[in-house]
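Dropping the structure in here first, questions after.
No lab work stands behind these numbers, since they all come straight from the coordinates. Everything numeric in this text was worked out from a predicted model, so none of it was measured. Neighbour counts are summed over all protein chains in view; Cβ atoms, including those assigned to glycine, are modelled from backbone coordinates with ideal geometry.
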Amino acid sequence: MKLLMIYAEKFAYKTSVKNLESASDIDEEKVIENTLLGFIHVEPKDEENLSSVETVTRDLILPQNQGSKSNPGAGISIPPPI
């Protein structure tokens, strides 16, 4: 598993192409300021230990300004659900 974290003063995105037929049709454009972006790359060997992938993902996706036991004070600003 690889994790790339980037602090961005401004991050913007616009949905354009739906790759999964089962996914909802979403037309959205957003700008998020002062945020921490986390890109997670799960590799085939990670399938043997999915609990570590789940732990990393769970610890990253927290309500703003809340931390985990392993990283108190960590907090990531997550856009509200669509």
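Looking at ASN19 and the list (1) surrounded by fewer than 10 Cβ atoms within 10 Å (Cβ to Cβ); (2) in contact with an Asp or Glu (Cβ under 6 Å, 6 or more places away or on another chain), which single condition is not satisfied?
(2)
Return the total of residues in segment 17-54 being assigned to a strand (DSSP E or B) and hydroxyl-bearing (Ser, Thr, Tyr).
Taking segment 17-54 first, the residues assigned to a strand (DSSP E or B) are 29-41.
From what's left, hydroxyl-bearing (Ser, Thr, Tyr): 35.
Adding up the residues that qualify gives 1.
Return the total of residues in segment 9-38 being touching a residue at least 24 places away in the same chain (Cβ under 8 Å), within 26 Å of SER52 (Cβ to Cβ) and aliphatic (A, V, I, L, M).
Of the residues in segment 9-38, 2 are touching a residue at least 24 places away in the same chain (Cβ under 8 Å), within 26 Å of SER52 (Cβ to Cβ) and aliphatic (A, V, I, L, M).
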